[in-house]
Amino acid sequence: MRGLTRAGKRASEMAFNAGGGAINWFPGHMAAASRAIRDRLKLADLVIEVRDARIPLSSANEDLQPVLSAKRRILALNKKDLANPNIMNMWLDHFQSCKQDCISLNAHSSNSINQLLGLVELKLREAILKEPTLLVMVVGVPNVGKSALINSIHRIANSRFPVNDKMKRARVGPLPGVTQDIAGYKIASQPSIYVLDTPGVLVPSIPDMETGLKLALTGAVKDSVVGEERIAKYLLSLLNIRKTPLHWERLLHRREEFDEDPDDSCEKGSRGSVRRRQRFNNSDALYVQDLVIEVQRTLCSTAMEFTGNLDEDNELESLIDSQLVALRKVFRIPHKPLDESHGPASKKLLTLFRSGKLGPFILDDLPDHTTH
């Protein structure tokens with residue numbers, strides 16, 4: 001079952017998406033890896049299926065679900081730091097109601113990994129009594145954080161278990177598809193427990209446009225396959241349909257009140273500009289923080305000033321184009337005559353979203369039978 005949303009469905013059907021064609025990314029190494037994963041799944045005592053917490057359903061590999069559902073399985077919703085925590089709790093309740101073991105985690109957090117290992121031990125309790133060697137497989141679509149999870153498990157396991165073997169590390173990269181080999185890593189002795197890391201694998205044909213765009217927006221599909229401008233327009237359409245920029249208005253107002261200095265005699269607008277320039281000189285972190293505020297303020301102001309009907313797709317697209325033009329100024333991208341490309345602004349906007357700087361989001365809606 002896919003996490004189709006009213007906002008996401010409408011955004012995926014807009015003209016800039018319809019003209020872009022279907023989204024599919026299944027290079028040769030994925031086909032080979034899919035076959036190898038299926039073969040090794042027969043030997044696995046437990047499967048950790050890693051999904052992106054922002055898209056708990058859309059990041060599932062549907063082709064593998066029949067096989068995975070027949071195994072001992074833990075759903076690990078990774079990148080919980082990028083997901084709305086209140087809605088995340090609803091998703092955990094949903095999977096629990098479906099009798100599915102599920103945990104939300106941050107692969108870089110020791111506390112998260114300890115909780116996961118505790119659940120793994122619980123799930124393997126009976127098997128540990130019967131088998132001297134156990135195999136845990138980690139599977140998932142590209143860029144959900146499998147390799148980062150493996151590395152963190154190694155680090156934690158090294159302090160918990162007496163392992164004499166030299167531990168290897170999984171390769172981690174910012175792009176989907178970095179792990180292209182299947183290799184086992186020993187994480188414990190008595191009994192011997194091996195974790196098998198696998199490449200990120202998508203389905204040969206992504207079933208619908210909305211799922212493909214969500215996978216692209218969260219980085220599971222290479223940007224070059226879809227196009228950064230198309231992905232950014234999809235993001236902006238979601239934000240505008242959900243009226244997210246208008247919700248930012250209250251947040252921005254509270255920030256301005258907090259930033260106000262009663263001893264400063266400058267006008268409010270000038271004071272904000274002075275303080276922002278001062279912050280730019282302090283550190284990169286403060287620069288990014290101020291940049292995020294400027295992006296949110298720009299998207300908020302353009303949405304508030306827009307007089308068109310956002311229920312009409314062509315008018316919503318007009319707003320999105322004006323927002324990308326405004327963002328070029330925020331990102332200080334030089335304007336070139338006859339250059340109407342929004343590529344550089346799109347890339348910077350996507351970077352802010354994917355790093356969680358624009359706030360926590362969950363793009364999938366809970367299934368209809370679940371109470372919101």
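Nothing in this text is a laboratory measurement; each read-out follows from the coordinates by a stated rule. Please read these numbers as outputs of a predicted model, since none were measured by experiment. With ideal geometry, Cβ positions are generated from the backbone for all residues, glycine too; neighbour counts draw on all protein chains shown.
For region 293-372, the equivalent ellipsoid derived from the Cα gyration tensor has semi-axes of 27, 18, 12 Å, listed largest first.
In order along region 238-248, the Karplus-derived 3J(HN,Hα) couplings, from 6.51 cos²θ - 1.76 cosθ + 1.60 at θ = phi - 60°, round to 4, 4, 6, 5, 7, 6, 4, x, 6, 5, 5 Hz, and Gly and Pro are given as x.
Over every Cα atom in region 27-197, the radius of gyration and the widest Cα-Cα span, Dmax, amount to 15.2, 42 Å. Computed from the Cα positions only, the extents of region 9-48 along the three principal axes stand at 46, 23, 10 Å, in decreasing order.
Any idea what the dipole of region 27-197 comes to, in debye rounded to 20, about its Cα centre with Lys/Arg Cβ at +1 and Asp/Glu Cβ at -1?
280
Are any of the pairs Lys233/Lys347; Lys222/Lys336; Lys80/Lys214; Lys222/Lys357; Lys71/Lys186 more than 23 Å apart by Cα-Cα distance, and if so, which? Cα-Cα > 23 Å for Lys222/Lys336; rest within. Annotation: amide H-H contacts under 5 Å for Leu46 (H modelled 1.01 Å from N, sequence separation of 5 or more, or interchain): Leu135, Met137. Proximity of backbone amide H atoms, modeled 1.01 Å from N, is registered between Cys102 and Leu75 at under 5 Å, excluding neighbours fewer than 5 places apart on the same chain. With θ taken as phi - 60° and the Karplus curve 6.51 cos²θ - 1.76 cosθ + 1.60 applied, the whole-hertz 3J(HN,Hα) list for region 51-63 is 10, 7, 4, 6, 9, x, 9, 5, 8, 7, 7, 5, 5 Hz, x standing for glycine and proline. Reported to the nearest whole Å, the Cα centre-to-centre distance from region 73-147 to region 1-66 is 18. If both residues of a DSSP beta bridge must be in region 27-197, then about 20% of such bridges are antiparallel.
Descending by average beta-carbon neighbour count within 10 Å, the peptides 142-155, 345-358, 88-101 line up as 142-155, 345-358, 88-101, the highest first.
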